[in-house]
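Quick notes on the structure that follows.
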Amino acid sequence: TTTEYVLVGGGGAGGTDDHGSGGGAGGYRTGTTPLSGPFSQTIIVGSGGAGTGSPRAAGGGGGYSGFGSLYVGGGGGGNGYSNAGTVPVSPAGSDGGSSGGSTYGPDGVASSGPYGNDGGTGGGGNYYGTGGGGGAGDAGSNGTGDAGGDGGIGVQLPTTFRDPASSVGAPGPGGEKYWVAGGGGGSIYNTPSPFGKGGGPGGPYAGGGNGSRDDADPGRENTGGGGGGSERENTPYNQGGAGGSGIVLIAYPT
């Protein structure tokens, strides 16, 4: 029989203050595969990346999700200030954002995988707006001197998996349901300038966490959303939001 599937990897965690950027969403992959049975099949659901209390540290990357021989990677963690020149790259998911700073700007690192998008770059100048993590639907926004970058938009699940009796996924733009894999929002030092929103402007959407001056918002469980980045306040350091765990969905005729 023809089996339809959705694989979402675990989201990356946001970077820790100061100047923590948003975590990338888990990779998103959907399609069909022919199967015959009865048989057993291994299914793996990727865990979300862990935030850290270490100052200026990058968040952890998400775990991969798999269905038999099919797989997709987790999202890359967002950066902190001391790692500002490098974006953690995920080979099969979305990348985390880049930290900002007076001497740091675009770093030119691109996503190396087909199942995600790039994170936004950090802003230069004195206000350290950081990049949003990439989402399954689009890249994360760049940080500026006026705002943290929004996470990249996620995607809405295929029609097959939009069961009204199911709570799978998270709200998306316009109040629609069944969205997954939104990128985490970036932070900014120059408050009250706005922090980046998870999953795109106006969020949080698609399970992505918002950036924050406090401990940042985590990605939503079972959406693969990236965690938000945190900014400096007081010690102990504020922690970047953990990434949301992924999900595996399977449908077949009965």
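Each residue of region 13-28 in order: what ³J(HN,Hα) in whole Hz does its phi give by Karplus 6.51 cos²θ - 1.76 cosθ + 1.60, θ = phi - 60°, with x for Gly and Pro?
Result, ordered by residue: 7, x, x, 8, 4, 9, 6, x, 9, x, x, x, 6, x, x, 10 Hz.
Heavy atoms only, probe 1.4 Å: what % of the accessible area of the chain goes to carbon and sulfur, would you let me know?
Working: 4770 of 9700 Å².
That fraction is 49 percent.
Treat every Asp and Glu Cβ in the chain as -1 and every Lys and Arg Cβ as +1, leave all other atoms uncharged, and give the resulting dipole magnitude about the Cα centre to the nearest 20 debye.
On the way: 8 positive and 17 negative charges, 72 e Å.
With Lys and Arg at +1 and Asp and Glu at -1, about 340 debye.
Can you order the peptides 40-48, 157-165 by their average number of other Cβ atoms within 10 Å per residue, highest first? The partial results should precede the final answer.
Numbers: 40-48: 17.9, 157-165: 12.6.
So the order, starting with the most tightly packed, is 40-48, 157-165.
Calculate I(q)/I(0) for the chain by the Debye formula, one identical point scatterer on each C-alpha and no solvent, and give its log10 at q = 0.13, 0.17 Å⁻¹ to two decimals.
For the chain at q = 0.13, 0.17 Å⁻¹, log10 I(q)/I(0) is -0.61, -0.95.
Within the chain, which is the longest segment that contains none of the GluC sites (Glu not before Pro) sitting in a DSSP loop with at most 16 other Cβ atoms within 10 Å?
Between exposed loop sites, the widest span is 1-175.
If you take every DSSP beta bridge whose two residues both sit in the chain, what share of them, in percent to the nearest 5, is antiparallel? Write down the numbers at each step before the final one.
Numbers: 21 of 22 bridges.
DSSP beta bridges in the chain are roughly 95 percent antiparallel.
Could you sort the peptides 206-212, 130-136 by per-residue average Cβ neighbour count (10 Å cutoff), highest mean leading? Please report the intermediate quantities before stating the final value.
On the way: 206-212: 36.6, 130-136: 43.4.
Those peptides, ordered most packed to least, come out 130-136, 206-212.
The values are calculated or read from the model by the stated rules, or taken from the named source; none is laboratory data. Owing to the predicted nature of the structure, the values given are computational and were not obtained by experimental measurement. Because the Cβ atoms are built from the backbone with ideal geometry, glycine has one as well, and the counts that use them run over all protein chains shown. Surface accessibility is based on the protein's heavy atoms, side chains included, excluding ligands, DNA and RNA. Shrake-Rupley method; radii C 1.70, N 1.55, O 1.52, S 1.80 Å.
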